[in-house]
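Structure first, then comments.
Please treat every number below as a calculation from the coordinates, not as lab data. What you see is a predicted model, and the numbers here were worked out from it, not measured in a lab. Here the Cβ positions follow ideal geometry from the backbone for every residue, glycine too, while neighbour counts run over all protein chains shown.
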Amino acid sequence: MDVSEVLEGEKVLNLSRLNLDNLDLDHVGEERKRDTQQLFLVYNRFIVLPGSICHFSNLVFLDISCNRLAFICEEILRLSKLKTLVAKNNRLNEFSLPKDFGTMSLEVLNFSGNRFEEFPSEFLNLQRLQSLSLGGNRLKSIPTEIEQLTSLELLYLGGNSITSIPTELANLPYLSYLVLCDNRIQSIPPQLAQMNSLLSLSLHNNLLTYLPREILSLFQLQELSLRGNPLVVRFVKDMTYDPPSLLELAGRTVKSRNLPYKPEDLPGNLIRYLDLASKCPNPKCGGVYFDSCVRHIKFVDFCGKYRLPLMHYLCSPECSSPCSSNPQSDADSEDESSVPAHRMQKVLLG
Amino acid sequence: MEQTEVMKPETLNDLIKVLHQIFSSDTVNVEEVQNLMESYESKPEEWMEYAQFDKFRYTRNLVDEGNGKFNLMILCWGEGHGSSIHDHTDSHCFMKLLQGQLKETLFEWPDHKINGGMTKKSERVLQENQCAYIHDSIGLHRVENVSHTEPAVSLHLYSPQFDQCNTFDQRTGHRNTVKMTFWSKYGERTPFTYYCGKHIVKVALCVQ
């Protein structure tokens, strides 16, 4: 990613590659301390973010990447105008941040190449945060509280050990660039399909065998990378099917025959159960299912170019797509799913 | 084939001058061009104006049109950005790292008699200032910035120049022809939109 524009003259102070392990500002004039908006401390030997940093009262941009930072001092909180903090390639983890870090008005945070094993809770209060990178750390999960970062537009979490995606991620209203490549993700929650703001989704090098069919409704999506996933290649039908319970059969009958009922007619738990009915996605089938369904993987042409295995549920093994595949072919045709070419411009499959 | 005696190009402009000289003849000595490009030591201040990055994907930024004999361009790869597997429309292709590292994975041309995925030949990570060469007779490749912390910048020379190529699905060998565009030309941003029937189609298929 490119650095925000470098300002001329007195507003930029570049103290990179000077073998510094402390920040002695005695030789820096008061005016310079006041005027400096961008400070570079890249490639030095800092173990702690120096407290003297707070003297740069108007600092907007700070880059302290490629040091040995294990701890960020409390004095950073006094940088009330700081918008961008870059601290790549250091030794920071979730215990390195001052307690009230979440009160800062940061917009861009780049902590890639550090040692975070958990998402630092202090990040979750940064209401103004637009861009967050924690690439190349040791994260195992994404907290559900991620939805608190309501201003987030860019989230880079590539190169971690993340195994699943919380559905709450879909609640971020402005997220346009989501990078989850090089992780251990096995499935994508269908709720991600609600993210109308998403323009680019990077999922390459994970453990995906299929995608939820809802992903077809991501009309704004321009980029989708899926290479390096063990995507199912041939038509697969999951033949393990637990027969429906009596409760489910009764529920299906009520729903598919539109039998009228009022809240007074049934106990509350049955009313709630009936509300859970899912419609069978086969357009020729009027059936519904509750818990008992067949997991079925269909192949869909994305903009007529590639075939992707998309998963959906059918009410029973007998319920199949109207155009049944001949066993020789490796795909079913999907009549309701033709996505116009201009909607998905590039699917980097392989 | 004749090998011209050349001094090591000190600046990017020197390199471009020598390339013009070399390509004024009709034959290309691949080794000579590769050595020449490798010998230029990258200085960011000389190419910074062409290094325009995009958030979502890598960009192609035209530097010089080589008197019609070649195209010289700078590609900018954000963290995690990569290309599809692609061919080079029978042209010579040189790729030199100006900053960061790029992983190049070579593939055999797909063989439709063999069912299944495309065959990977080899992979390597190119270091700063190294220059790689590829041609359709060697095979196909995918280029990626696999770093999650560092962007990468590469200098590419294509001769003759071409504006379309094929991309390949690794799982099936299925190919697709794509048109290539420039993010910027001579340092100026050049968004490219055209009308296709009733729809405005933004052609942003930046394939190498």
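Taking chain B as a Gaussian network of alpha-carbon nodes connected by springs under 10 Å, the highest mean-square fluctuation of the residues B:His156, B:His88, B:His112 belongs to B:His112.
Once both labels are positioned 7 Å from their Cα atoms along Cα-to-Cβ, the gap between B:Ser24 and A:Ile47 label points is 6.2 nm.
Of the residues B:Tyr50, B:Gly173, B:Ser137, the one whose Cα sits farthest toward the positive end of the charge dipole of chain B, with +1 on the Cβ of Lys and Arg and -1 on the Cβ of Asp and Glu, is B:Gly173.
The label-point distance for B:Thr11 and B:Lys185, in a model that sets each label 7 Å from Cα toward Cβ, rounds to 2.5 nm.
Rounded, prolate or oblate, given the Cα gyration tensor of the stretch A:89-132, with a/c below 1.5 counting as rounded? In terms of gyration-tensor shape, oblate. A convex hull fitted around the alpha carbon atoms of the stretch B:128-169 yields 121 Å³ per residue.
Expressed per residue, the C-alpha convex hull volume of the stretch B:1-77 stands at 97 Å³. With the cut-off at under 18 Å, measuring from each backbone N in the stretch A:253-269 to a point 7 Å along the Cα-to-Cβ line of A:Lys279 picks out A:253-260. Modelled spin labels at B:Asn35 and B:Asn176, positioned 7 Å past Cα toward Cβ, are 4.2 nm from each other. Give the shape of the stretch A:90-199 as rounded, prolate or oblate, defined through the alpha-carbon gyration tensor: a ≥ b ≥ c are the square roots of its eigenvalues, a/c under 1.5 means rounded, and otherwise the shape is prolate if a/b is larger than b/c and oblate if not. Oblate shape, in that a/c is at least 1.5 and b/c is the bigger or equal ratio. Computed over the Cα atoms of the stretch A:1-106, what is the ratio Rg over Rh, Rh following Kirkwood? We get a ratio of 0.93 for the stretch A:1-106.
Given springs between every Cα pair under 10 Å in a Gaussian network model of chain B, which of B:Lys113, B:Lys96, B:Lys55 has the largest fluctuation? Judging by the Gaussian network model, the answer is B:Lys113. Note on A:Ser57 and B:Glu128: with the Förster distance fixed at 25 Å, the Cβ-Cβ geometry gives a FRET efficiency of about 0.10.
Taking the stretch B:87-121 and a reference point 7 angstrom along Cα→Cβ of B:Ser137, the backbone N atoms nearer than 14 Å belong to B:90-93.
Only Cα pairs under 8 Å and 6+ residues apart enter the sum, and on that basis the relative contact order of the stretch B:1-95 stands at 23 percent.
Distant-in-sequence amide contacts of A:Ile162, defined by a placed amide H-H separation under 5 Å and a gap of 5 or more residues or a different chain, comprise A:Arg184. Quick one: what does P(r) look like for chain B with 10 Å bins over all Cα pairs, in whole %? Histogram of Cα-Cα distances, whole percents per bin: 8, 34, 37, 17, 3, 0. Straight Cα distances below 18 angstrom link B:Lys185 to the aspartates and glutamates B:Glu45, B:Glu46, B:Glu49, B:Asp54, B:Asp64, B:Glu65, B:Asp163, with same-chain residues fewer than 8 positions distant left out. Given a Förster distance of 56 angstrom, what is the FRET efficiency for B:Asn67 paired with A:Ser141, based on the Cβ-Cβ distance and rounded to 0.05? So the FRET efficiency works out to roughly 0.50. Shown here is the pair-distance distribution of the stretch B:59-127: with all Cα-Cα distances grouped in 5 Å bins from zero up to the longest one, the shares run 3, 11, 18, 24, 17, 14, 7, 4, 1 percent. Does the stretch A:16-64 classify as rounded, prolate or oblate by the C-alpha gyration tensor (a ≥ b ≥ c root eigenvalues; a/c under 1.5 gives rounded; else a/b over b/c gives prolate, otherwise oblate)? Prolate, since a/c reaches 1.5 and a/b exceeds b/c.
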